[in-house]
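Participant: Got a structure here, written out as structure tokens. Questions coming.
The values are calculated or read from the model by the stated rules, or taken from the named source; none is laboratory data. Computed from a prediction, not measured in an experiment: that's the story for all the values here. With ideal geometry, Cβ positions are generated from the backbone for all residues, glycine too; neighbour counts draw on all protein chains shown. With ligands, DNA and RNA removed, areas are computed over all heavy atoms of the protein, side chains included. Shrake-Rupley method; radii C 1.70, N 1.55, O 1.52, S 1.80 Å.
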Amino acid sequence: WLPTFDLPEKFSSFLQNIEVGETVLFGTLSESSLALKKIKCKNENKLTVLIGPEGGWSDDEEKKSIQCGLFPFSLGTHALRVENAAVVGLAVARERFIL
């Protein structure tokens, strides 16, 4: 299993290009987020993990994410630096969905 990293892009354009059946997770400190162990994956062949900008997602971005069927997930109660959140998010997702 080898993850690929995409270049940063506008959030609105990302939402428009989600493939049908693709499972997209977005890391958030929101109270609506779930532990990854509680998320049911639609498609384990294609899993996307989004890590937001420093300071987190805006309220509007979080609402749009949920409306588009993305899954809010939590890496705990403490904020992580974006570069650490990406690595931790991948490690936890791999453990949950791939192994």
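Participant: From G52, G21, G56, G76, which residue is of a type in the set (G, A, S) and within 10 Å of the chain's Cα centre (by Cα)?
Facilitator: G52
Participant: Follow-up. If T48 passes every condition in (1) of a type in the set (S, T, N, Q); (2) open to solvent by less than 30 Å² (accessible area, probe 1.4 Å); (3) in a helix (DSSP H, G or I) but one, which one does it miss?
Facilitator: Going through the list (1) of a type in the set (S, T, N, Q); (2) open to solvent by less than 30 Å² (accessible area, probe 1.4 Å); (3) in a helix (DSSP H, G or I), T48 breaks only (3).
Participant: Can you spot a residue in region 27-42 that is open to solvent by 80 Å² or more (accessible area, probe 1.4 Å), at pLDDT below 80 and either among the hydrophobic types (A, V, I, L, M, F, W, C) or not in a loop (DSSP other than H, G, I, E, B) (or both)?
Facilitator: Yes; the residues of region 27-42 include at least one that is open to solvent by 80 Å² or more (accessible area, probe 1.4 Å), at pLDDT below 80 and either among the hydrophobic types (A, V, I, L, M, F, W, C) or not in a loop (DSSP other than H, G, I, E, B) (or both).
Participant: Also: Step by step: first the residues of region 1-23, then only those that are among the hydrophobic types (A, V, I, L, M, F, W, C) and touching a Lys or Arg at 6+ places or on another chain (Cβ under 9 Å), then the one that is farthest from V87 (Cα to Cα). Which residue is that?
Facilitator: L15
Participant: Starting from region 17-36, keep only residues that are closer than 13 Å to T48 by Cβ, then list their pairs with residues that are open to solvent by 60 Å² or more (accessible area, probe 1.4 Å) and acidic (D, E) whose Cβ atoms are within a distance under 8 Å, requiring at least 6 positions of separation or different chains.
Facilitator: T23/E44
Participant: Would you tally the residues in region 51-96 being open to solvent by less than 70 Å² (accessible area, probe 1.4 Å) and part of a helix (DSSP H, G or I)?
Facilitator: Selection size over region 51-96: 12.
Participant: Can you find a residue in region 5-15 that is free of Cβ contacts under 8 Å to residues at least 24 places away in the same chain, basic (K, R) and either open to solvent by 50 Å² or more (accessible area, probe 1.4 Å) or not in a strand (DSSP E or B) (or both)?
Facilitator: yes
Participant: Same structure, new question: In this structure, is V24 of a type in the set (A, V, I, L, M) and buried (at least 16 other Cβ atoms within 10 Å of the Cβ)?
Facilitator: yes
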